Amino acid sequence: MATYDFVFDGLGLRDWCGDAGGGGLSSMADLLSETSGEEATVSAWDTPFPSLDALHEACDKIPQSRELTLGLERGFLDIKDTLKIVVDPITQPLSWALENTLWLMQATPWWIMIPALMLIVYLVGRSFKLVGLVAAAFGFLAFVDYYDYTMQTLAIIFVCAVICVIIGVPVGIAMSRSDKVQRVMIPILDMLQTLPPFVYLIPLIFLFSVTEPKLYGIAIILYAMVPVIRLTDLGIRLVDKDVIEAADAFGMTKRQKLYGVQIPLALPNIMAGVNQTIMMSLAMVVIASLVSAPGLGVLVLRGIRNLELGVGLLSGLGIVLLAIILDRVTKAALARINASQPR
Amino acid sequence: MKDVQSENDIKISIRHLYKIFGARPQEALEQVKNGMGKTELQEKHGHVLGLNDINVDVPSGKTTVIMGLSGSGKSTLIRHLNRLIEPTAGEVWVDGENILEYNDKQLRKLRKVQMSMVFQKFALFPHRTVLQNAGLAPSVEGERERKYADEARKWLDRVGLEGQGDQYPHQLSGGMQQRVGIARALTSNSDIMLMDEAFSALDPLIRTDMQNLLIELQNELQKTVVFITHDLDEALKLADHLVILKDGFVVQQGEPQHILLNPADPYIEDFVSDINRARVLRVRSVMERTTKPLAETAGDIDHDDTLESVIALSEGDTTLSYRVIKDGAPVGLLNMRKLVRALVPSEQSDDPDSARRSG
Ligand SMILES: Nc1ncnc2c1ncn2[C@@H]1O[C@H](COP(=O)(O)OP(=O)(O)OP(=O)(O)O)[C@@H](O)[C@H]1O
Ligand SMILES: [Mg+2]
């Protein structure tokens, strides 16, 4: 006899359950009690929680929890094909962008690539110290033969961060303009931010083949987009009400207000969001090497799998160097924006 | 003909304007129209009565000052003139058109072309230079900086900011920032200038400077200015027409001197009791009108002189009388005893006093 027989007996559902409750050998406990030849008497202390499995013992009609997960899986597989029809074409440009950027950054010879990066850093940050740091870091990584991996990681971060900004800023603007949109978006953003990064990968693996770059691209973008959305929303909402009122009083259109007042004044916050987005892409690109994202993460993974301590440590150091550079450069850009419009 | 003329003299005309803040203003409006007051409405319905049946005519080319204590609805009222706030009921006529019937485009045009606004906290664009701020109105029209620079610079010079065009607002002091605010309003070339406590954030000396600047500009340009303040001295200094608000309704409006001499309400009495009347009252408000030739006057005074200056002239002698001159012609007689009586509020003539108590 199972613990919860009385529930179904009491409710008069025994017929609906069939008589399996008493008969069939449906669990290990039943089996044991059968062989030991005595009725399984469960003390109050051991009363199981009325879980799916426990109820199933009493009534066959109640599904086991294993069936629940199976059902979820089957349900997902059922909608997978329809989902793919929609999602595939939309995300195809992402694969394309990733493949091409990866190719470009690796195909360009190092003696063009490193100076080019130094030039970009100078244009963004206007600081020779920063340029020196970049040169030293890339020089070191190239010297230990990690140049290709570094470029791969950088290419992925670059593509994903750009897409995060392209999608995130308009979403943030929409949120700042309507409280309703904000109320809908905030729980979604909270969820995206609190889900462990690995969880993103699960549905994506089912949806796309592991050979497609967009698999990790989507995971990185979903994870890293949150801060730029949040800070765009915040930045625009924080723009001085009086200034907005002045813009209205002088007859500005919504568009003029957005481009002429709100975005320029929210720019420090938006840039802070971009900085965080880039840092989060870097974190995710390492994890995404589990699903075939190339780059330094692959080396870290190799270090773990094959217990190659040296490789793991050195590639870890490479990631730290990249993180420092990306952070410093975006912060330098932010500082320049702040300096141009102190309040 | 005369009728048309007098109609043309009114630039903005506010009719039965109500504003109620809250979730269901229309229901609350019924209560207000049935005579419910601000406090009662707030307690019983949780709605805030912002404006209660406002009727004001703003004369063209003059300065109209709206005065009232904090929370009396001044800012709410002025924001109805360019529809930064939508009314619950009522009409606002500008140049003969009801602006509440305007669509978005017409409304933007009204704000760009006919009205400009100066704010208490300046509300300059921190990311634009002083010149770009001054040229806001033309830049909203889509003009390039090169094109509007001359006009903007002209007004910056006029308000005393020569050569500051390339600064950013945060590099200027408060007084200078508000000068930019005024230049911004002037560059728009609008007839109407709305000023919401434009000088309240400035310290007293700068404030006096700015008031004088505004008076100077007014003499030159004759804009229709609607000026808000909670300071009676400022109101009396600037106003051609004075509107006094309390709890969202107009307690009294009219010529400032007249209000000062005939306060219609204890609220206004309180207001005017602290004022230096000798400095504010003019000869024309207390003189006896007469054109017949007068003997034994101690001298001539102008009808627009302050009583303070007459006291100084008489050296305190209350036995004297003066002939009052307007535009070169005698218009009346001022007796010093009468002048002294006018300086003390309670010594007012008895009939308005009793009328006020009973009403
Ligand atoms: N958006 C709003 N929602 C609710 N109540 C409001 C709102 N705006 C103004 N009020 C109320 O309307 C009344 C008038 O406010 P208003 O700002 O016009 O006063 P004010 O005369 O300009 O005062 P101050 O001198 O402090 O600027 C106040 O009681 C205020 O609480
Ligand atoms: Mg106010």
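The values are calculated or read from the model by the stated rules, or taken from the named source; none is laboratory data. Just so you know, these numbers come straight off a predicted model, no measurement behind them. Here Cβ is always computed from backbone atoms with ideal geometry, including for glycine, and neighbour counts include all displayed protein chains. Just so you know, the surface numbers come from the protein's heavy atoms only, side chains and all, with ligands and any DNA or RNA stripped out. Shrake-Rupley method; radii C 1.70, N 1.55, O 1.52, S 1.80 Å.
Quick notes on this structure:
- When the range A:265-297 is filtered for residues that are assigned to a helix (DSSP H, G or I), more than 19 Å from A:Ala323 (Cβ to Cβ) and among the polar types (S, T, N, Q), only A:Asn269 remains.
- Qualifying residue in the range B:181-196 (condition: within 16 Å of ligand 1 (Cβ to nearest atom) and of a type in the set (A, V, I, L, M, F, W, C)): yes
- The residues of the range B:142-179 that are within 14 Å of B:Val118 (Cα to Cα) and buried (at least 24 other Cβ atoms within 10 Å of the Cβ), listed by number, are B:Gln178, B:Arg179.
- Any hit, the range B:38-55, residues being among the aliphatic types (A, V, I, L, M), out of contact with any His (no Cβ under 8 Å at 6 or more places or on another chain) and under 30 Å from B:Glu216 (Cβ atoms): no
- When residues of the range A:267-306 are limited to those that are over 22 Å from the mean Cα position of the chain (by Cα) and touching a residue at least 40 places away in the same chain (Cβ under 8 Å), the one most open to solvent (accessible area, probe 1.4 Å): A:Leu267
- Among the residues of the range B:54-93, those identified as away from ligand 1 (no atom under 11 Å from the Cβ), surrounded by 20 or more Cβ atoms within 10 Å (Cβ to Cβ) and within 14 Å of chain A (Cβ to nearest Cβ) are B:Leu81, B:Asn82.
- Some residue of the range B:94-114 being assigned to a helix (DSSP H, G or I), over 22 Å from B:Ala201 (Cα atoms) and away from chain A (no Cβ under 14 Å): yes
- Hey, B:Ser188 touching a residue at least 60 places away in the same chain (Cβ under 8 Å) and either under 22 Å from the mean Cα position of the chain (by Cα) or open to solvent by 10 Å² or more (accessible area, probe 1.4 Å) (or both) or not: yes
- Matching entry among B:Glu216, B:Glu220, B:Glu288 (being more than 16 Å from ligand 1 (Cβ to nearest atom), over 12 Å from the mean Cα position of the chain (by Cα) and either buried (at least 20 other Cβ atoms within 10 Å of the Cβ) or outside the structural domain of B:Met67 (by TED's automatic domain parsing) (or both)): B:Glu288
- Total residues in the range B:32-53 satisfying the condition of being farther than 26 Å from B:Trp93 by Cα and open to solvent by 50 Å² or more (accessible area, probe 1.4 Å): the figure is 7.
The rows are residues; the columns are (1) part of a helix (DSSP H, G or I); (2) polar (S, T, N, Q); (3) farther than 16 Å from A:Gly297 by Cβ.
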{"residue": "A:Asp145", "(1), (2), (3)": "no, no, yes"}
{"residue": "A:Gln152", "(1), (2), (3)": "yes, yes, no"}
{"residue": "A:Ile163", "(1), (2), (3)": "yes, no, yes"}
{"residue": "A:Gly172", "(1), (2), (3)": "yes, no, yes"}
{"residue": "A:Met185", "(1), (2), (3)": "yes, no, yes"}
{"residue": "A:Tyr200", "(1), (2), (3)": "yes, no, no"}
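- Here B:Leu29 fulfils each of the conditions (1) in the same structural domain as B:Leu194 (by TED's automatic domain parsing); (2) away from ligand 2 (no atom under 16 Å from the Cβ); (3) out of contact with any Leu (no Cβ under 7 Å at 6 or more places or on another chain) apart from (1).
- Restricting attention to the range A:122-157, the residues that are buried (at least 18 other Cβ atoms within 10 Å of the Cβ) and closer than 22 Å to A:Pro227 by Cβ add up to 6.
- Any pair with Cβ under 6 angstrom, 6 or more apart, that starts in the range B:120-141 at a residue that is within 10 Å of chain A (Cβ to nearest Cβ) and surrounded by fewer than 24 Cβ atoms within 10 Å (Cβ to Cβ) and ends at one that is among the hydroxyl-bearing types (Ser, Thr, Tyr) and in a loop (DSSP other than H, G, I, E, B): B:Gln120/B:Ser200
- The C-beta contact set for the range B:155-170 (first residue touching a residue at least 40 places away in the same chain (Cβ under 8 Å), second residue open to solvent by less than 60 Å² (accessible area, probe 1.4 Å) and of a type in the set (Val, Ile, Thr), distance under 8 angstrom, 6+ apart or interchain) comprises B:Val159/B:Val180; B:Val159/B:Ile182; B:Tyr168/B:Thr129; B:Tyr168/B:Val130; B:Pro169/B:Val130; B:Pro169/B:Val180.
- Scanning the range A:66-95 for residues being under 20 Å from A:Phe208 (Cα atoms) and surrounded by 13 or more Cβ atoms within 10 Å (Cβ to Cβ) gives a total of 9.
- Residue in the range B:234-243 that is nearest to the chain's Cα centre (by Cα), counting only those that are part of a helix (DSSP H, G or I) and within 16 Å of ligand 1 (Cβ to nearest atom): B:Ala235
- Qualifying residue in the range A:243-253 (condition: modelled with pLDDT of 95 or more, in the same structural domain as A:Val298 (by TED's automatic domain parsing) and closer than 18 Å to A:Asn338 by Cβ): yes
- For the range B:56-97, residues that are among the polar types (S, T, N, Q), over 23 Å from B:Ile268 (Cβ atoms) and away from ligand 2 (no atom under 16 Å from the Cβ) total 2.
- Residues located in the range A:200-238, provided they are β-branched (Val, Ile, Thr), more than 17 Å from the chain's Cα centre (by Cα) and buried (at least 20 other Cβ atoms within 10 Å of the Cβ): A:Thr232, A:Ile236
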